[in-house]
1. Name, by its number, the condition in (1) within 10 Å of the ligand (Cβ to nearest atom); (2) outside any strand (DSSP E or B) that does not hold for residue 180.
2. Quick check, is residue 285 modelled with pLDDT of 95 or more, touching a strand residue (DSSP E or B) at 6+ places or on another chain (Cβ under 9 Å) and in a helix (DSSP H, G or I)?
3. For residues in the stretch 202-226 being away from the ligand (no atom under 15 Å from the Cβ) and either out of contact with any helix residue (DSSP H, G or I) (no Cβ under 8 Å at 6 or more places or on another chain) or without any contact (Cβ under 8 Å) to a residue 12 or more places away in the chain (or both), which is nearest to residue 153 (Cα to Cα)?
4. Among the residues of the stretch 156-177, what is the count of those that are closer than 29 Å to residue 226 by Cβ, within 13 Å of the ligand (Cβ to nearest atom) and assigned to a loop (DSSP other than H, G, I, E, B)?
5. Counting residues that are closer than 16 Å to residue 151 by Cβ and in contact with a strand residue (DSSP E or B) (Cβ under 9 Å, 6 or more places away or on another chain), which helices (runs of 4 or more DSSP H) fully inside the stretch 11-119 reach at least 1?
6. Given the options 97, 145, name the one that is away from the ligand (no atom under 16 Å from the Cβ) and touching a helix residue (DSSP H, G or I) at 6+ places or on another chain (Cβ under 6 Å).
7. Residue 167: over 15 Å from the mean Cα position of the chain (by Cα), on the phi < 0 side of the Ramachandran plot and either in the same structural domain as residue 270 (by TED's automatic domain parsing) or touching a residue at least 40 places away in the same chain (Cβ under 8 Å) (or both), yes or no?
Ligand code: PMP
């Protein structure tokens with residue numbers, strides 16, 4: 001893999017940072033994962049503007065313009081496509097506050113951020129027939145992360161622990177609910193349900209990441225004439241839904257057939273998912 005580090009391209013194995021980097025010591029940074037298919041990114045503007053907002057929130061100056069990020073993305077795809085041997089490439093961007101000479105919590109002044117990028121293989125686009133889709137099973141846990149989940153921080157231990165709970169339970173992901181029992185998101189995805197033909201996903205607040213796939217999916221569904229609302233739903237409503245889906249840059253819109261050991265709907269990939277994934281594919285490069 002060819003990586004990008006602080007303005008230069010190099011083999012990933014040669015990319016080195018200081019152990020005093022605040023990304024390493026404090027998880028003090030912002031990241032993005034942008035999916036590309038045959039070199040075409042999905043949601044590039046959404047990803048770079050969310051990164052800009054995250055950097056602003058933690059007072060790190062954005063090191064590059066959108067045009068410069070675009071060049072880094074294309075260069076990483078171009079340099080890695082033959083090495084990865086796939087047309088399905090995820091681009092990781094990471095900006096940490098940089099390396100200081102001492103370990104001190106407050107933001108140091110005048111240090112250069114560390115900017116890192118690399119490319120990796122992602123799953124191919126979701127199939128459009130329900131028989132071909134990989135059905136997901138998920139665990140359910142109370143969200144025990146922090147109260148700034150709208151910031152795409154590199155401090156991911158909370159997410160990692162929730163994801164691991166799912167792995168330990170033998171499933172693919174963990175859906176989270178807040179102290180009121182309302183579903184917020186999953187440890188690395190947003191959540192949608194379908195009930196009586198109506199699609200819903202929780203509205204945005206500090207309890208969930210404003211997923212780019214979520215945003216594109218909402219637009220795509222509306223465009224295709226599907227009914228979609230941003231409304232809260234409880235654990236009980238999740239379990240009683242006809243369908244449950246997860247969205248993320250690497251999974252697109254993924255069907256969930258089992259939550260906490262209980263089947264969702266018929267226990268098979270749903271009818272509405274087929275319409276939804278077709279709508280998503282038809283729209284995703286236009287977003
Ligand atoms: N929620 C969390 C906690 C995430 O980490 C992610 C990204 N993996 C998402 C939602 C989905 O966001 P996106 O669609 O922008 O990938």
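The values are calculated or read from the model by the stated rules, or taken from the named source; none is laboratory data. All of these numbers come straight from a predicted model, not from anything done at the bench. Cβ sites come from the backbone with ideal geometry, for glycine too, and all protein chains shown count toward neighbours.
1. Of everything listed in (1) within 10 Å of the ligand (Cβ to nearest atom); (2) outside any strand (DSSP E or B), residue 180 misses just condition (1).
2. Here the answer is no, as residue 285 does not meet what is asked.
3. 222
4. Summing the residues that are closer than 29 Å to residue 226 by Cβ, within 13 Å of the ligand (Cβ to nearest atom) and assigned to a loop (DSSP other than H, G, I, E, B) in the stretch 156-177 gives 0.
5. 22-26, 44-57
6. Exactly one of 97, 145 is away from the ligand (no atom under 16 Å from the Cβ) and touching a helix residue (DSSP H, G or I) at 6+ places or on another chain (Cβ under 6 Å), namely 97.
7. yes
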